[in-house]
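The values are calculated or read from the model by the stated rules, or taken from the named source; none is laboratory data. Since this is a predicted model, take the numbers as computed values, not measurements. As a convention, Cβ positions derive from the backbone with ideal geometry for all residues, glycine included, and neighbour counts pool all protein chains shown. The protein model used for the area step is the full one, side chains on, heavy atoms only, and it has no ligands, DNA or RNA in it. Shrake-Rupley method; radii C 1.70, N 1.55, O 1.52, S 1.80 Å.
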Amino acid sequence: MMRSIAMKAVLAATVATLSALSAAQADDFTISVYSGYQTAPHSGVTGNDGVDAFDFTTGWKGKSFEMPPYYGIRGTWWVRDNFGWIADFNHTKVYADEGDKAANGFSTLEFTDGLNNLTVGPIWRWPGLWNNVTPYASVSAGIVIPHVEVVTANTNTIEYQIAGPTVAVVLGASYALNDTWDLFGEYKGTYSQVKADLNGGGTLETDIITNALNFGVSYNF
């Protein structure tokens, strides 16, 4: 419950920050929304469920277009024409391989209501480098707020938690439709260190990398 409240507080603070920046820097603020195709490679899973220990490697599936879908929202405050700061909320998600989880005593092992990466950091762009096409790059860091869904014979944990640090890298390009609207495409990679507390006194740890091809639209204030 406390972690659910904390997650809501963090998201509310982010929205308030973006709103304040938008109001204060109306000519230099951009809101972007995006979706796309997201995957995740294998990673190790260690810990215990309060009774039994586990240590194995599993594959992950992204299932980007299944409910709830993969998406993100980003606010960018452009300090200069070619440099700014971003605040980004990215609803990444992963499902453990069915065979891997069954072989290790899990009936559920997934973060389907999101790993939920919340990051801030710098962004660089090169306006008009290719006429109406502007390349950009960013790196950001923050926290991962997963919806932990772990069920074994000894634990049933289904809740939001603040579970560790995360970093993200973006390489992309935008196309100006006019002074207000842009379309963009990008690669986004995230690395998240997840340490989840399980009901019954256990813990679960895993480092998850996601790779995504995003497509979106931006509105320039």
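For beta carbons closer than 7 Å, sequence separation of 6+ or different chains, a first residue in the range 123-147 that is hydroxyl-bearing (S, T, Y) and a second that is open to solvent by 20 Å² or more (accessible area, probe 1.4 Å) and not in a strand (DSSP E or B), the qualifying pairs are T134/W126; T134/P127; T134/G128.
Criterion first (buried (at least 16 other Cβ atoms within 10 Å of the Cβ) and at pLDDT 95 or above) does F184 satisfy it? Yes: the conditions hold for F184. Is it the case that the range 139-152 has a residue that's closer than 19 Å to H42 by Cα, over 12 Å from the mean Cα position of the chain (by Cα), open to solvent by 30 Å² or more (accessible area, probe 1.4 Å) and not small (G, A, S)? No, the range 139-152 has no match at all. Here is the figure for the range 187-221: residues that are within 13 Å of the chain's Cα centre (by Cα) and open to solvent by less than 70 Å² (accessible area, probe 1.4 Å) total 10. Output yes when any residue across the range 128-136 is modelled with pLDDT of 95 or more and surrounded by 23 or more Cβ atoms within 10 Å (Cβ to Cβ), and no when none is. Within the range 128-136 (the criterion being modelled with pLDDT of 95 or more and surrounded by 23 or more Cβ atoms within 10 Å (Cβ to Cβ)), the answer is no, since none of the residues qualifies. Within the range 125-168, the set of residues being in contact with an Asp or Glu (Cβ under 7 Å, 6 or more places away or on another chain) and within 18 Å of S218 (Cα to Cα) comprises P127 only.
Remark: pairs (first residue in the range 188-207, without any contact (Cβ under 8 Å) to a residue 60 or more places away in the chain; second residue open to solvent by 70 Å² or more (accessible area, probe 1.4 Å) and outside any strand (DSSP E or B); Cβ separation under 9 Å; 6+ apart in sequence or on different chains) = D197/R3. Residues in the range 119-138: is at least one in contact with a helix residue (DSSP H, G or I) (Cβ under 7 Å, 6 or more places away or on another chain) and of a type in the set (A, V, I, L, M)? Within the range 119-138, not a single residue is in contact with a helix residue (DSSP H, G or I) (Cβ under 7 Å, 6 or more places away or on another chain) and of a type in the set (A, V, I, L, M).
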